[in-house]
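Accompanying notes for the structure given below.
Quick note: the coordinates plus some simple rules give every number you see, no bench work behind them. Bear in mind the structure is a predicted one, so any value in this text is a computation, not a measurement. All Cβ positions, glycine included, derive from the backbone under ideal geometry; neighbour counts span all protein chains shown.
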Amino acid sequence: MSNRAPRASRELAAAREKVERACALLLSPSPEALDQCAPLVEAAVAVVAACREALEPPVEPGAAAEGRRLQAQVRRAWCLLEAAAAYQNNWAKRLATLTAGYNRRGEPAAVASSSRMSLRG
């Protein structure tokens, strides 16, 4: 077995820790917490992409196990993000109902919302 497997296992563990930190931030979501989550998740994605070759069969058992732990944390982060999105959507509907009333179909009317813009360069 090459030297790449233990390195991949360590790097996947580091990626998992980043996703775990993002999950901890998502437990009490705020705009600031979400802003802190993005770089953590981006760094984890970069690590996984760099480990891709080491994860091709045959995969060392330690790396495979760490990959499964990382996958579980990614699922957890996905669930937390889905819950945050649903929460936000429900509040948006409530706000629309309170401020703009209902449309002709009996649904909450649309409310103009502010947008965030992110530029890199």
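Here are the numbers for this structure:
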| read-out | value |
| --- | --- |
| Potential lengthening between Gln71 and Glu53 on full extension [0.36 nm per residue; Cα-Cα distance subtracted] | 4.8 nm |
| Largest-first principal axis extents, alpha carbons of the range 30-79, Å | 42, 20, 13 |
| Selection from Ala54, Tyr87, Ala110, by position along the positive dipole direction of the chain (Cβ) | Ala110 |
| Exposure proxy order (Cβ contacts within 10 Å, fewest to most) of Ser30, Ser9 | Ser30, Ser9 |
| Where labels lie 7 Å past Cα in the beta-carbon direction, separation of Arg21 and Ala84 in nm | 1.5 |
| Rg/Rh (Cα only; Kirkwood hydrodynamic radius) as it applies to the range 65-115 | 1.31 |
| Pairs of Cα atoms farther than 25 Å apart, the chain, % | 45 |
| Charge dipole (debye, nearest 20) of the range 4-100; +1 at Cβ of Lys and Arg, -1 at Cβ of Asp and Glu | 220 |
| Protection proxy ranking of 74-81, 32-39 - average other beta-carbon atoms within 10 Å, highest first | 74-81, 32-39 |
